[in-house]
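The next block holds one structure in the form of structure tokens; read it before the comments.
The values are calculated or read from the model by the stated rules, or taken from the named source; none is laboratory data. Model, not experiment: these values are computed from the prediction. No Cβ is skipped: glycine too gets one built from the backbone with ideal geometry, and neighbour counts run over all protein chains shown.
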2 protein chains.
Amino acid sequence: MSKGPDTRRAILDQALRLASTGGLGQLSIGLLAGAAKMSKSGLFAHFRSKEQLQLEVLRAASDRFVAKVLAPALRATRGEPRLRALFENWLAWDRDEFPGGCVFQAAAAELDDQPGPVRDYLVETQRDLQESIAQIVRAGIESRKFRSDVDPDQVAFEVVGILLAFHRMSRLLRDEGAERRARRSFDDLLARIRA
Amino acid sequence: MSKGPDTRRAILDQALRLASTGGLGQLSIGLLAGAAKMSKSGLFAHFRSKEQLQLEVLRAASDRFVAKVLAPALRATRGEPRLRALFENWLAWDRDEFPGGCVFQAAAAELDDQPGPVRDYLVETQRDLQESIAQIVRAGIESRKFRSDVDPDQVAFEVVGILLAFHRMSRLLRDEGAERRARRSFDDLLARIRA
């Protein structure tokens, strides 16, 4: 049994925590070596460059988001239960998963003007997420739980907006009413699309 | 006539452009000196520290937001025209004002875990903005243009969400449908609160 994969996972966990507070940009192999109490050369054996490290961190975050938010939602019944599970899992993710809030949120603001493979990967994850929400809405329409005139992509846009406003209000403003506001907007949205 | 205020304004314009793409964190006096083609000591005469520079940049952005987005909206008729003017001015701000998109958006993600006077000032501007939106909604309710059971703070939360989702979709995903989606969500919101 090799310790390689476990070590790698432990390093990525540490990197995710750092990225959630300080962003991906400050995530150098040097800084991570200090935080993970490893040598720089040891870290270089796992990640060949800063860019490679940032990509791996986003990949690890994406795997975790799928495991904690998306996959459990897809096991719920089509229609309202599934869309609500996605929303609740996502709120919990944004609130509890990392010390500095969602890693993708931190990365999105940082990378929007920085072309390259890290930005490309981030864009891909965000497009996939919007498409997954739209797909959940489409499944609800097909099962006649949601109205047939609902636009799945518009619902996806609005769900993203609620989560982003929640993130802003809770992370930046530290407003304790953020979760209540987000739930109310989501409940209103559900009431509008219900068949 | 002193050239001081003009020079200061020109430096802050340059700083705002830099902050919109690379964030406030990279905005050092050294970098700005290079971009503004001034000596470091010349810049130190205007801004005594990096923190002071960041604060002044946010203040300049805030003054400009008030002049371009909020003040013109407040000159529109109460109710729908005023809320729509705010929304349209804000879309235009997010789209056209800076090369890297809204400076506050870049700062919000950067500063949410960095306590200090720059964060405090940013929080103040965002609270003021939410309060201004709520106040526009309240004025609409008082003039019986909006329904009496509308919650002004909830509308403010949703307007912020629409703008944040627009920002994400246009800046990160470069999706040309972002503006159409944002307008549609806003029109739906207006239809729900109209008296």
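Could you list all residues from the stretch B:1-46 that are of a type in the set (Lys, Arg), part of a loop (DSSP other than H, G, I, E, B) and within 14 Å of chain A (Cβ to nearest Cβ)?
Applying the first criterion (of a type in the set (Lys, Arg)) to the stretch B:1-46 yields B:3, B:8-9, B:17, B:37, B:40.
Of the ones still in play, those that are also part of a loop (DSSP other than H, G, I, E, B) are B:3, B:37.
None - no residue of the stretch B:1-46 is of a type in the set (Lys, Arg), part of a loop (DSSP other than H, G, I, E, B) and within 14 Å of chain A (Cβ to nearest Cβ), so the list stays empty.
Which one of B:Val69, B:Val57 is buried (at least 16 other Cβ atoms within 10 Å of the Cβ), more than 30 Å from B:Ala195 (Cα to Cα) and in contact (Cβ under 8 Å) with a residue 12 or more places away in the chain?
B:Val57
Given the conditions (1) crowded, with 16+ Cβ neighbours inside 10 Å; (2) part of a helix (DSSP H, G or I); (3) modelled with pLDDT of 95 or more, and given that B:Arg78 satisfies all but one, which numbered condition is not satisfied?
In the conditions (1) crowded, with 16+ Cβ neighbours inside 10 Å; (2) part of a helix (DSSP H, G or I); (3) modelled with pLDDT of 95 or more, B:Arg78 misses (2) alone.
Give the residue, chosen from A:Arg184, A:Arg192, that is surrounded by fewer than 22 Cβ atoms within 10 Å (Cβ to Cβ), at pLDDT 95 or above and under 30 Å from B:Arg119 (Cα atoms).
Answer to the selection: A:Arg184.
Please go through the stretch A:103-153 and pick out each residue that is among the small types (Gly, Ala, Ser), more than 19 Å from B:Gly177 (Cα to Cα) and surrounded by fewer than 19 Cβ atoms within 10 Å (Cβ to Cβ). Give the steps one after another, and end with the answer.
We begin by selecting, within the stretch A:103-153, every residue among the small types (Gly, Ala, Ser); these are A:106-109, A:116, A:132, A:134, A:139-140, A:143, A:148.
Cutting the leftovers down to more than 19 Å from B:Gly177 (Cα to Cα) gives us A:106-107, A:109, A:116, A:139-140, A:143, A:148.
Within the stretch A:103-153, A:Gly116, A:Ala139, A:Ser143, A:Ser148 meet the criteria.
Give the stretch A:124-149 a look and list any residue that's over 17 Å from B:Asp175 (Cα atoms) and basic (Lys, Arg), or say none.
If the condition is that a residue be over 17 Å from B:Asp175 (Cα atoms) and basic (Lys, Arg), then A:Arg138, A:Arg144, A:Lys145, A:Arg147 are the ones that fit.
Determine if the stretch A:106-124 includes at least one residue that is hydroxyl-bearing (Ser, Thr, Tyr) and more than 14 Å from chain B (Cβ to nearest Cβ).
No, the stretch A:106-124 has no match at all.
If you check B:Ile162, B:Ile133, which single one turns out to be touching a residue at least 12 places away in the same chain (Cβ under 8 Å), within 13 Å of another protein chain (Cβ to nearest Cβ) and touching a Phe, Trp or Tyr at 6+ places or on another chain (Cβ under 8 Å)? It would help to see each step written out before you state the result.
Values: B:Ile133 fails: touching a Phe, Trp or Tyr at 6+ places or on another chain (Cβ under 8 Å).
The match here is B:Ile162.
Quickly run through the stretch B:49-75 and pick out the residues that are part of a loop (DSSP other than H, G, I, E, B) and modelled with pLDDT under 95.
Result: B:Ser49, single match.
List the number of the failed condition for A:Glu176; all other conditions in (1) assigned to a helix (DSSP H, G or I); (2) farther than 20 Å from B:Ile162 by Cα; (3) over 19 Å from the mean Cα position of the chain (by Cα) hold.
If we test A:Glu176 against (1) assigned to a helix (DSSP H, G or I); (2) farther than 20 Å from B:Ile162 by Cα; (3) over 19 Å from the mean Cα position of the chain (by Cα), just (1) comes out false.
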